[in-house]
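The values are calculated or read from the model by the stated rules, or taken from the named source; none is laboratory data. The structure displayed is predicted, hence computed values, not measured ones. Note that each Cβ is placed from the backbone with ideal geometry, even for glycine, and that neighbours are counted across all protein chains shown. To get the accessible areas, we keep the full protein, side chains included, count just its heavy atoms, and leave off ligands, DNA and RNA. Shrake-Rupley method; radii C 1.70, N 1.55, O 1.52, S 1.80 Å.
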Amino acid sequence: AVNNGSGTYVAWCWKAGGTAVSNTEGTITSQVSANTEAGFSIVTYTGNGTAGATIGHGLGAIPQVVIVKRRSGTEDWMVGIGPILGSGEEGHYVKLNTTASKATGNGPFNSTNPSSSLVTLGSDVATNQNTDTYITYCWTEIPGYSKFGKYTGNGNDNGPFINLGFRPAWIMFKLADGGADDWPIYDIKRDPINVCDHRLFANTDTAEGAVGQEHFDILSNGIKFRKQKNPFNNSGKVYIYMAFAEQPGTTPFATFPNAR
């Protein structure tokens, strides 16, 4: 899986804040390693089985994406995306290990979006079973470095343009509304020139594929789709994305026009 003598591999790494510290802001004490400059924290906690329980995430800003995984037993990877989807979709989530579209309910996130200090949990075994242990990854948007959002596909080879405000180094998509499909991931190490097409899927164990299909261009300030494909550009379908910069701006609103 990581070091076969004849295999080729890719790894994507986020730097948190070093040794975890106790966070008592929530009703459950969490252990948090937070990098507020990069908008990323790693949180561990023990569930209490109570709907409406909260854990501190340490970012000081609302996370747009929260991924929770049960450590002490088998369970899906719950991805909270309510802040991306907007008003009326609080607590909505998708599963990183499946193709299913968005879902809601009082289960994983108690139909509640995160706040600037807390993640709210339901009583679902995937996020808050009593005495079970969990790990959580939280990202908040940093202008010029990261962006999380949604868009609607047009089903056309002249596809949508997503203005990120920076040149992305890594991007992942998910069909959130209008059907079920995979989680395609792209990066500039496997696609050093346009058009990008070397995709991997977060939810499968399949090898890299779809080379030669011209999915999208990476631009100095975002991406432009060049293909009609269900995982990222089907007509009228709503998609979410996570994107991170290759070269962050020196200030939150000064990015570099580094086209390729």
query: About its Cα centre, how strong a charge dipole does the stretch 99-219 have in debye, to the nearest 20, once Lys and Arg get +1 and Asp and Glu get -1 at the Cβ?
result: 360 debye
query: How large is the charge dipole for the chain, taken about the Cα centre, if only the Cβ atoms of Lys, Arg (+1) and Asp, Glu (-1) carry charge, to the nearest 20 debye?
result: 320 debye
message: Using amide H atoms built in the peptide plane, which far-off residues or other-chain residues are under 5 Å from D132 H to H?
response: G47
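Would you please put 15-26, 170-181 in order of how densely packed they are, using the mean number of other Cβ atoms within 10 angstrom per residue and starting with the highest?
Numbers: 15-26: 13.8, 170-181: 20.6.
Output ranking for 15-26, 170-181: 170-181, 15-26.
In Å², what does the accessible area per residue of the stretch 62-135 work out to with a 1.4 Å probe? Mind dumping the intermediate values first?
On the way: 2760 Å² over 74 residues.
Here the per-residue accessible area is 37 Å².
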- prompt: Can you pull the percent of the stretch 123-238's accessible area that's carbon plus sulfur, 1.4 Å probe, other chains left in place?
  reply: 45 percent
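Highest first, please rank the peptides 54-66, 38-50 by the mean number of other Cβ atoms sitting within 10 Å of their residues.
Peptide ranking by packing, descending: 54-66, 38-50.
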statement: Along the stretch 73-86, Karplus-curve 3J(HN,Hα) (6.51, -1.76, 1.60; θ = phi - 60°) to the nearest Hz, with x for Gly and Pro, reads x, 6, 5, 5, 8, 8, 10, x, 10, x, x, 6, 6, x
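If you take the beta carbon distance between A202 and R71 as r and set R0 to 22 Å, what does 1/(1 + (r/R0)^6) give as a FRET efficiency, to the nearest 0.05?
On the way: r = 19 Å, r/R0 = 0.85.
Taking R0 as 22 Å, the efficiency between A202 and R71 is 0.75.
Sum -39500 (n - 2.57) across every DSSP H segment of at least 4 residues in the chain, then divide by the residue count to get the 222 nm mean residue ellipticity, nearest 500. Don't skip to the end; give the middle numbers.
Details: 2 runs with 8 residues, N = 260.
Using -39500 (n - 2.57) per qualifying helix, the result is -500 deg cm²/dmol.
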task: Give the residue from G91, G153, I185 lying farthest towards the positive end of the charge dipole for the stretch 69-220; charges sit on Cβ (+1 for Lys and Arg, -1 for Asp and Glu) and the dipole is referred to the Cα centre.
output: G91
query: Can you give the Kirkwood hydrodynamic radius for the stretch 169-221, in Å, rounded to one decimal and based on Cα pairs?
result: 11.8 Å
